[in-house]
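Engineer: Would you mind keeping the following structure in view while I ask a few things?
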Amino acid sequence: MNKVILLNNRPIGKPKLGDFKISKEEIPVAKEGEILLKTIYVSVDPYLRGRMNDSKSYVPPFELNKAMQSGIIAEVQASKHSKFKTGDFLSGNLEWKEYQISNGQGLHKVDENKVKLSAYLGVLGMTGLTAYLGLTEIGLPKEGETLFISGAAGAVGTIVGQVGKLLGCKVVGITGSDEKVALLKSKFKFDSAINYKTTPDLKEAIKNVSPNGIDIYFDNVGGEISDAVLANINRYARLPVCGAISLYNNTKVALGPRLQPIILTKSATMRGFIVGDFFEKFPAATKHLTGWLRENKITFSETIIEGFDNIPQAFIDLFEGKNEGKMIVKV
Ligand code: NDP
């Protein structure tokens, strides 16, 4: 039988295991023009939380009692499609099923000889592209500037920091544990990092680690951390708004400082983006990231959880910061 993970309830606040349901169905058979895919790696991502709500956004919401979806690496088990053969590894947005049928649309081949397969969900996948394009297209880094990153030890944050260093920035990050602070400084070569969970005065601590002020704020988390960062930005600062994970589970609209006076008086630019906004730049960005990986100029971390049934828990654990780098489930 084929296991499938469905959306059982729309979560209220933090998602819980009961919001998902594991069901079983027959393993499907590929018809002419189709392929049978076996799921190998599943990406769990904070943005999926937004798709669990019944609200209009840049992607349609998941439907109740239908399979969840995310970025997946799958192996072709059987092919009646001219472009794909048995044993090919493909990447794309697929359903949380052990086996599924596809007509190949939106899927592209990935090469396990170039880099480990899971990397196509992280540094060479959506999160790597988000990091590179958000930083270079909106952050506009210049040598000697200070780049501050929230959610720094995650899939996006770790790549933003390393690209920032390669482009000559001083890089500072904020994250949720002392282990992650140490990892940022040792493995990812951040100049400095702080733990927001043990820092009483965030505004002051951010000022201390960014003595020249902040020229670029790559924001992955929003909320109070971002309020404290904004108090430390320089004139002409650029603020790519990539994510707001600290607010995704809120049931009420959070209130905070009014931003207009800071943005105005600092002549700052704050711009939200969805990685797909830069779709036409994906090939060039992938080329840069692949080159740097090959030359060992960037590296990456993954937290790999084993077992299809553990996909929902791995997703929930993103909101507890249980991942270092990209959170992935190996089926
Ligand atoms: P991460 O790998 O960074 O995982 C999420 C991390 O967020 C956790 O490890 C945790 O780290 C941190 N976190 C969780 N809850 C909170 C909280 N309440 N306050 C502060 N930090 C919290 O995920 P991604 O790298 O995949 O994504 C990072 C951000 O970028 C997300 O907001 C995501 O939605 C966004 N994103 C946006 C894209 C776009 O196109 N704009 C594309 C991809 C991602 P810690 O231990 O530090 O708390």
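Engineer: Of all the accessible heavy-atom surface of the chain, with the other protein chains kept in place and a 1.4 Å probe, what percent is carbon and sulfur?
Structural biologist: Ligands and nucleic acids excluded, carbon and sulfur reach 52 percent.
Engineer: May I ask you to list the lysines whose Cα is less than 21 Å away from that of K180, ignoring any residue fewer than eight positions away on the same chain?
Structural biologist: List returned: K165, K170, K189, K197, K203, K207, K297, K322, K326.
Engineer: Please list, or write none, the lysines whose alpha carbon is within less than 16 Å of the alpha carbon of K3, excluding same-chain residues fewer than 8 places away.
Structural biologist: Partners found: K21, K24, K38, K66, K97, K330.
Engineer: Still on this structure: Report, ordered by chain and residue number, the aspartates and glutamates lying within cross-link reach of K14, taken as a straight Cα distance under 12 Å and ignoring same-chain residues fewer than 8 apart.
Structural biologist: Filter leaves D317, E320.
Engineer: Rank these by accessible area, largest first, 1.4 Å probe: I311, I27, I40.
Structural biologist: So the residues, ranked largest to smallest area, are I27, I40, I311.
Engineer: If the chain between S267 and D317 were fully stretched, how many nm would it gain, using 0.36 nm times the residue separation less the Cα-Cα distance?
Structural biologist: 14.2 nm
Engineer: Among the helices of the chain (complete DSSP H runs), which have Cα atoms covering no less than 15 Å along the helix axis and a Kyte-Doolittle mean of at least -0.5?
Structural biologist: Qualifying helices, which must be both long enough and hydrophobic enough, are 155-166, 282-294.
Engineer: Let me ask something else. Please report, in debye to the nearest 20, how large the charge dipole of segment 161-306 is about its Cα centre when each Lys and Arg carries +1 at its beta carbon and each Asp and Glu carries -1 there.
Structural biologist: It comes to approximately 420 debye.
Engineer: With a Cα-only, solvent-free Debye model of the chain, what are the log10 I(q)/I(0) values at q = 0.07, 0.12, 0.16 Å⁻¹?
Structural biologist: Those come out to -0.29, -0.84, -1.39, one per q.
Engineer: While we're on this one: DSSP loop (so not H, G, I, E, B), at most 14 other Cβ within 10 Å: list which GluC sites (Glu not before Pro) in segment 95-175 pass both filters.
Structural biologist: E112, E143
Engineer: Where nothing but the Cβ of Lys and Arg (+1) and of Asp and Glu (-1) is charged, how large is the charge dipole of the chain around its Cα centre, in debye to the nearest 20?
Structural biologist: Here the size comes out at about 340 debye.
Engineer: Compute the distance in nm between two label points, each set 7 Å from the Cα along the Cα-to-Cβ direction, one at N310 and one at L140.
Structural biologist: 4.5 nm
Engineer: Here is a further query. Once the whole set of protein chains is in place, how much accessible area is left on Y47, using a 1.4 Å probe, in Å² to the nearest 10?
Structural biologist: Here the residue's solvent-accessible area equals roughly 60 Å².
Engineer: By how many nm would the segment from A182 to F282 grow when fully extended, if each residue of separation counts as 0.36 nm and the alpha-carbon distance is taken off?
Structural biologist: 32.9 nm
Engineer: By how many nm would the segment from D54 to N208 lengthen if fully extended, with 0.36 nm per residue of separation less the alpha-carbon distance?
Structural biologist: Extending this stretch completely gives an extra 51.2 nm.
Engineer: Given Cβ point charges of +1 (Lys, Arg) and -1 (Asp, Glu) and nothing else, what value in debye, to the nearest 20, does the dipole of segment 168-241 about its Cα centre take?
Structural biologist: Using only the charged Cβ atoms, the result is roughly 280 debye.
Engineer: With a cut-off of 20 Å, note down the residues of segment 1-24 whose backbone N falls inside the zone around a label point 7 Å from the Cα of E63 toward its beta carbon.
Structural biologist: Counting only backbone N, you get 3-11, 19-24.
Engineer: I've got another one for you. What per residue convex hull volume, in Å³, do the alpha-carbon atoms of segment 72-223 yield?
Structural biologist: 143 Å³
Engineer: From a point 7 Å beyond the Cα of T299 in the direction of its Cβ, which residues of segment 181-199 have a backbone N at a distance under 16 Å?
Structural biologist: Under cut-off, by backbone N: 181-191.
Engineer: Just to confirm, what accessible area per residue do you get for segment 138-260 at 1.4 Å probe, in whole Å²?
Structural biologist: With the other protein chains kept in place, segment 138-260 gives 44 Å² per residue.
Engineer: So how long is each side of segment 34-146 along the principal axes, counting just the alpha-carbon atoms, biggest first, in Å?
Structural biologist: 53, 40, 20
The values are calculated or read from the model by the stated rules, or taken from the named source; none is laboratory data. Not measured: the values here are computed from a predicted model. For neighbour counting, all protein chains shown are included, and Cβ atoms are generated from backbone atoms with ideal geometry for every residue, glycine included. Note: areas computed on protein heavy atoms with side chains; ligands, DNA, RNA excluded. Shrake-Rupley method; radii C 1.70, N 1.55, O 1.52, S 1.80 Å.
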